[in-house]
Amino acid sequence: WDNADFSRGVGTTFYQEFSTLNTAKPPFVRDVEAKVRRYLRSSYSAAWTLKITWEKVPAYTARTDTQKTITYQAVLTTDGFRSYVLMLYQDRGMQWDYTRLTSTNVLIGYT
């Protein structure tokens, strides 16, 4: 979640909320549950999930280059006791020139 630049009207951000407590779960939420179970090797049943998508977003330096964009998602999910975030990146979707970013310690993901 870097300093994306929407000032030139390039890129889109949108979100979708899934409240699944006592309701049928859509395929997206079932997929999130399966990923959490697989990665953590534990049982997990989501009560709430939020999907945020940044689509074709240029870096803060877009004043000079709006062609190099990134598409990625953050998925926040909780069962009411445990909470997780999945960071999902489009294959070959990272086109930002990291040498032109204001920060020099670039990391995809989180630490």
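Read the figures in this text as sums done on the coordinates, not as results from a lab. Values in this document were obtained by computation on a predicted structure and should not be read as measured data. With ideal geometry, Cβ positions are generated from the backbone for all residues, glycine too; neighbour counts draw on all protein chains shown.
Quick look at the values:
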read-out	value
Extension gain (nm, one decimal) between Gln16 and Leu50, 0.36 nm per residue minus Cα-Cα	11.7 nm
FRET efficiency estimate (nearest 0.05) - Cβ-Cβ, Arg30 to Met94, R0 41 angstrom	0.90
Leu76 paired with Phe6, simple spin-label distance in nm, labels 7 Å along Cα-to-beta-carbon	1.6
Descending semi-axes in Å of region 12-100, equivalent ellipsoid built from Cα gyration tensor	31, 13, 10
Computed lengthening from Arg41 to Gln67, 0.36 nm per intervening residue step minus Cα-Cα distance	5.4 nm
